[in-house]
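Here the structure is laid out as structure tokens; the discussion comes afterwards.
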Amino acid sequence: MPHRVPQTKEKIDRTEKIDRTQPEQDCCQAYQNFTFEPLLAGREVKLRIRSQGMQFDFPEGASFFQAVELPPPSSAYTLEITSRLVGSKRIEETHIFYPTLLFLDQDFHVVATIDPALKPVYTRKYGDVFTARLMTQPEARYLVFYTDKLRLQERMFIRMPESSSAAPSGSVSPGVNIAAGGLHYTHRGATGQLHIRLEKKE
């Protein structure tokens with residue numbers, strides 16, 4: 001059975017945040033050793049992938065990651081993923097966490113590996129955010145979010161908010177060396193944050 005720790009829940013703007021800041025070096029010898037946080041339908045969850053967090057040697061290379069436990073497969077579920085710009089005060093030092101999705105069954109065997117086609121959606125507050133919607137795998141009980149090491153540093157174009165006082169994302173400071181509006185480029189990064197939401201398909 002997987003090693004699990006009690007889940008710490010913190011409400012921030014009605015969003016549950018999963019944020020591990022301490023290294024977990026013993027977690028990552030095999031998939032069944034991962035720590036999986038329960039993901040409930042109808043609740044938006046923020047996952048923070050940090051360099052101090054869990055790391056594993058995936059087929060594409062070593063990557064930081066987050067992992068969740070899916071509800072029992074009694075119904076079909078739709079998974080919505082949103083990734084926002086993170087980084088520093090300078091646009092050239094920002095990046096997007098672009099996840100690869102690894103679905104595992106109840107015995108921790110690989111069901112599917114998916115590189116979701118994140119599409120930019122413009123918002124007045126953040127500029128472009130990158131989203132995808134997909135169906136979960138029926139036999140999957142666990143889901144891991146990580147990055148393809150071979151595709152890090154790939155450039156991605158992004159539209160910034162029209163207002164220079166709008167912050168692109170949680171950790172990017174507003175209005176400093178980031179021009180309002182217009183098209184800029186950023187790149188895929190090894191860390192970042194995801195907003196995920198699971199909905200039961202009627």
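Residue selection: SER83 satisfies the criterion of being surrounded by 13 or more Cβ atoms within 10 Å (Cβ to Cβ) and small (Gly, Ala, Ser).
Is it the case, given these coordinates, that THR131 is at pLDDT 85 or above, closer than 24 Å to GLN32 by Cβ, assigned to a strand (DSSP E or B) and not hydrophobic (A, V, I, L, M, F, W, C)? Before you say what the answer is, go through the steps one by one.
On the way: at pLDDT 85 or above: yes; closer than 24 Å to GLN32 by Cβ: no; assigned to a strand (DSSP E or B): yes; not hydrophobic (A, V, I, L, M, F, W, C): yes.
Against the criterion (at pLDDT 85 or above, closer than 24 Å to GLN32 by Cβ, assigned to a strand (DSSP E or B) and not hydrophobic (A, V, I, L, M, F, W, C)), THR131 does not qualify.
Remark: pairs (first residue in region 130-142, within 7 Å of LEU79 (Cα to Cα); second residue among the small types (Gly, Ala, Ser) and in a loop (DSSP other than H, G, I, E, B); Cβ separation under 7 Å; 6+ apart in sequence or on different chains) = MET135/ALA76.
Residues are listed down the side, and each one gets a yes or a no for (1) under 19 Å from GLN193 (Cβ atoms); (2) touching a His at 6+ places or on another chain (Cβ under 6 Å); (3) at pLDDT below 90; (4) of a type outside the set (Phe, Trp, Tyr):
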| position | (1), (2), (3), (4) |
| --- | --- |
| ARG14 | yes, no, yes, yes |
| ALA30 | no, no, no, yes |
| GLU37 | yes, no, no, yes |
| ARG50 | yes, no, no, yes |
| PHE58 | no, no, no, no |
| PRO73 | no, no, yes, yes |
| ALA76 | no, no, yes, yes |
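I'm trying to understand the selection: among the residues of region 140-159, which are touching a Gly at 6+ places or on another chain (Cβ under 6 Å) and within 28 Å of GLY182 (Cα to Cα)? So that I can check it myself, show each step before the final result.
Here is the first cut: in region 140-159, the ones touching a Gly at 6+ places or on another chain (Cβ under 6 Å) are 149, 159.
Residue satisfying the conditions is ARG159 alone.
Scanning region 108-128 for residues that are polar (S, T, N, Q) and within 30 Å of ASN33 (Cβ to Cβ) turns up just one, THR113.
The values are calculated or read from the model by the stated rules, or taken from the named source; none is laboratory data. Note that the coordinates shown come from a computational prediction; the quantities given were computed from them, not determined experimentally. Here the Cβ is made from the backbone with ideal geometry for all residues, glycine too, and neighbour counts use every protein chain on show.
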